[in-house]
Structure formats: structure tokens, C-alpha cells
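Note sheet for the following structure.
Every number in this text was worked out from the coordinates using simple rules, so none of it is lab data. Since the model is a prediction, treat every value here as computed from it, not as a measurement. Cβ coordinates were reconstructed from backbone atoms using ideal geometry, including for glycine residues, and neighbour counts include every protein chain displayed.
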Amino acid sequence: MAGDALSLPFRDGVFDVVTISFGLRNVADTGQALEELLRVTRPGGRLVVCEFSHLPSRRLNELYEKYLTGALPVVASRLSGNAEAYDYLAESIRAWPTQPELAGKIAAAGWSGVSWRNLTLGVVALHEARRRDG
């Protein structure tokens, strides 16, 4: 089913778990999307967000961002023929909030017990939260 993340075509509280992978960066309003996910989740249900993120070490993150803006588009243009898509990918990752900042946005949308764990040194982070009971 196709739908708008800012206005999901589902009743309130119908899902035990809601998830979004590598898509939250691309919605027009992150907070509204997180609120919509909360709306369609039953009390006690879970949220799982898998998204590109930032390396926790400032120095390593700077190197990673140089890779994203320099090497990745060059490699991508040779392999895919669509370097512009990878320019967008690099910019969207650089502009994306850090893990603690995203956790704050998730909590601000009404989710509780927000946590995250880094995968691949923080290139990707898995955020989890719960909808409060009742």
C-alpha cells in the first residue's frame, strides 16, 4: 500500500510495531512523521528506525564526511551513472541530526524509552522506542 508518511492511511493504534528504514531523512517533516507513527501504534507498541547517522568520534566523522562528499560521488558516477543521487545522499546524511538529537526528536513526538545503538561505527544507527501504555 502506498501512503504519505505525514498522513498514514491507517486507524489509530493498529500496529504492534512500526518501522522505517533509510526513509525518515526524506520526509518533509520528521516530527510529524514520528507523531503519525505514534498515532498508528497501539499502547505498548514499538518504534524501530534504521537510518544513516554520524560517527561518534568527531575526527572519524570528519573523515567520513570527506569520503561522502569526495570519494562516494566519484565511485558512484563510475558504477551507477547517476552521481547526482549520491550527492543528495551525502548532503542528506551530513544534514541529518546526530543520534542524541534524533533521540530527542523521537521523545518530543511522544515516544518513551528512546534508545539507539550504532551499527558500522555509527554510519548507521538503530533507534528504538515505545508508545506509552494507555
**Request:** Could you work out how far helix 30-39 tilts from the main Cα principal axis of the chain, as a 0 to 90 degree angle to the nearest 10?
**Result:** 30
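By counting other Cβ atoms within 10 Å of each Cβ, how are GLU62, GLU35 ranked from fewest to most? Could the numbers behind the result be given before it?
On the way: GLU62 11, GLU35 15.
Fewest-to-most ranking of GLU62, GLU35: GLU62, GLU35.
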**Request:** Per residue, how big is the convex hull around the C-alpha atoms of segment 55-95? Give it to me in cubic angstrom, could you?
**Result:** 52
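If you stretched the chain out fully between ARG94 and VAL74, how much longer would it get, using 0.36 nm times the residue separation minus the C-alpha to C-alpha distance? Intermediate values should be presented prior to the final figure.
Details: separation 20, 0.36 × 20 = 7.20 nm, distance 1.75 nm.
Full extension from ARG94 to VAL74 adds 5.5 nm.
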**Prompt:** In degrees between 0 and 90, to the nearest 10, how far off the longest principal axis of the chain does helix 83-95 point, with axes built from Cα atoms?
**Reply:** 60
**Share antiparallel - DSSP beta bridges, segment 20-134, percent rounded to 5** = 85
**Cα-based equivalent ellipsoid, the chain: semi-axes from gyration tensor eigenvalues, Å** = 30, 18, 10
**Residue (of GLY113, LEU47, SER80) at the positive-pole extreme of the chain, dipole from beta-carbon charges** = GLY113
**Request:** Specify the residue with the greatest mean-square fluctuation among LEU47, LEU79, LEU38, computed from a Gaussian network of the chain linking alpha-carbon atoms under 10 Å apart.
**Result:** LEU79
**Asked** Counting each DSSP H run of 4 or more residues in the chain as -39500 (n - 2.57), what helix-only mean residue ellipticity at 222 nm follows after dividing by all residues, to the nearest 500 deg cm²/dmol?
**Response** -11000 deg cm²/dmol
